[in-house]
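One structure below.
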Amino acid sequence: MLMDEITDIQRLRKINAALISRVERAMDQQGNAFSLFQTAINLESRVRNRTEELRSTLRRLEESNIDLFAAKEAAELANLSKTRFLAAASHDVLQPLNAANLSVSALSDLQTTEEGHRLVGQVERSLTTIGNLLQTLLDISKLDAGVVMPEVAEIPLDQLFSSIKSDFQPIAEQKGLKFRFRASNSVVRSDQTMLRRLLQNIVSNAVRYTRSGGVLVGARRRAGIIRIEVADTGCGIPHEHRDAVFEEFHRGPGAVESDVSGAGLGLGLSIVRRMAEALGHRIGFSSVVGRGTVFWLEVPAAATRPPAVIEATGESKRPRGYGLFGTKVLLIENDLGVLEAMMALLARWQCVVRPATSSDAALQTLGDTDWVPDVIIADQHLEGGDLGTQTIAYARNYLARNVPALVITGDSSPALAQITRASGIELMRKPVKPAQLRALLAHLLA
């Protein structure tokens, strides 16, 4: 249809409106497309900026991780160096300390006056305190460094209780305390050395904080767990001190100091917590101020009780008893101060001693076939790199008999404990307590 043929004005207006609307829609679509294009460009720029910021952050984080890893390695090396230093320092200090203990014990036998005995006792207690402090510092260092590896074995509680009772019975009696252990035929699975030290510290704390009444140690079974409890009638732990009980250098307000208990430094329960964590044993306590405290430790129960040791029925070559009169001792020690002190102490016990400082010297001493030792006492680290355990093996092989033997050392490594146990050799840590040494020698000879 031609334009001059259109006569309907209304119809023309509609056509014109439709055309204008179509043009406007086309223009809007073009505008929207341009807007989207602009938006896409802006988003791409923002993504590029954010990506660059993220890369920069990741680079900084990576550098920080490298620095943190280096700092962690340096801290671990420093911790291990501290442990090695403390171990070496403790060994060097324990040598003269051990000699002093042995010399003082021999000196005590020479005293004829009450004043002399009192002064010797005071020196002995001071030496014991120093030795305990050194051992405590070494234990904390090893536990913090994570170098202590528990050796889990089956431990009869009655034997463990008997050993701890013998340590603290004199202290409890001097303070006028009742000191009881409830008999237990239970057997637990733990590290014997660590469990004994842990219980020693708890019992020591109980005795120190108890003025009157007593201390009771017992055990009960709970669904495969043996719960060991140490109860005292001491001053109790105030509520505001309970969270800090296992922290270093924390001492309760009711500590009772005496010549026998020693001045505690607040490290005992700190070691208890660390050892319990290393062993995987749960520990806790309940307390009532003015009435006492009960510390408890949960230890896995052993499946079966180990068979009892059957004593030989043959006639013993030596009479049973506590005396050491005439006992022939091969003493192997390279530290002259310790050697002289040990010889003096054994001489006071009426022993016949032959000394040596190395494996070769020990074998030369045994060249006299008329002299056969009843017992061998050896330090672990001897002259020329010789080891006491090896020297004992050489001597036993030379004599063609399994002579009772004892290694006395400041080396507290688990490996040494395993070697001595496998070789049937007793092990004592320095500094040596003469009474314990004499009791152990009597046991070996029996």
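What follows is calculated from the coordinates using simple rules that are stated; it is not laboratory data. Fair warning: this is a prediction, and the values are worked out from it, not measured in the lab. Note: ideal-geometry Cβ built from the backbone for every residue, glycine included; neighbour counts use all protein chains shown.
Summarising the amide proton neighbourhood of residue 353: residues at separation of 5 or more, or on other chains, whose placed amide H is nearer than 5 Å comprise 329.
Counting other Cβ atoms within 10 Å as a rough exposure proxy, the listed residues 61, 339 run 61, 339 from fewest neighbours to most. Restricting attention to segment 328-445, close to 5% of DSSP beta bridges with both partner residues there are antiparallel. Spin-label model, residue 123 to residue 64: label points 7 Å out along the Cα-to-beta-carbon direction sit 6.1 nm apart. Could you tell me the calculated FRET efficiency between residue 153 and residue 390, based on Cβ-Cβ distance and R0 = 30 angstrom, to the nearest 0.05? So, using R0 = 30 Å, E works out to roughly 0.80.
Shown in residue order for segment 192-209 are the 3J(HN,Hα) couplings computed by the Karplus curve 6.51 cos²θ - 1.76 cosθ + 1.60 at θ = phi - 60°: 4, 5, 5, 5, 5, 5, 4, 5, 4, 5, 5, 5, 4, 5, 4, 5, 5, 8 Hz (x for Gly and Pro).
In the neighborhood of residue 283, defined by Cβ-to-Cβ distances under 12 Å, what is the net charge if each Lys or Arg adds +1 and each Asp or Glu adds -1? Cβ neighbours under 12 Å give a net charge of +1. Considering only alpha-carbon pairs that sit under 8 angstrom and 6 or more positions apart, the relative contact order computed for segment 328-445 is 23 percent. Shown is the FRET efficiency for residue 75 and residue 397, computed with R0 = 51 Å from the Cβ-Cβ distance and rounded to the nearest 0.05: 0.60.
Computed from backbone phi, the HN-Hα couplings of segment 338-349 come to 5, 4, 5, 5, 5, 5, 5, 5, 5, 5, 5, 8 Hz, rounded to whole numbers (Karplus: 6.51 cos²θ - 1.76 cosθ + 1.60, θ = phi - 60°; Gly and Pro given as x).
Other residues within the sphere of radius under 14 Å centred on the Cβ of residue 69, judged by their own Cβ, net out at -4 (K and R +1, D and E -1).
Which distance in nm do the two modelled labels at residue 180 and residue 418 give, with both placed 7 Å along the Cα-to-Cβ direction? Reported label-point gap for residue 180 and residue 418 is 4.2 nm.
Extension gain, residue 428 to residue 16, is 136.8 nm, computed as 0.36 nm per intervening residue step minus the present C-alpha separation.
Under a 5 Å amide H cut-off, with hydrogens placed 1.01 Å from N, residue 188 pairs with 155, 157, 302 among residues at least 5 apart or on other chains. Annotation: the residues 428, 343, 149, sorted from fewest to most other C-beta atoms within 10 Å of their own C-beta, follow the order 149, 428, 343. Taking amide H atoms as placed 1.01 Å from N in the peptide plane, the amide H of residue 215 lies under 5 Å from those of 178, 179, 180, each 5 or more residues away in sequence or on another chain. Between residue 277 and residue 222, the contour length at 0.36 nm per residue exceeds the alpha carbon distance by 17.8 nm.
Ranking 432, 407, 443 by Cα position along the charge dipole of segment 328-445, where only Lys, Arg, Asp and Glu carry charges on their C-beta atoms, puts 443 farthest toward the positive end. Structure note, pairs 72/430; 175/433; 165/433; 328/433: Cα-Cα distances above 23 angstrom occur for 72/430. Sorting 226, 419 from the fewest to the most surrounding beta carbons within 10 angstrom yields 419, 226. Could I have the simple spin-label model distance between residue 240 and residue 44, label points 7 Å from Cα toward Cβ, reported in nm to one decimal? A separation of 7.0 nm, rounded to one decimal place.
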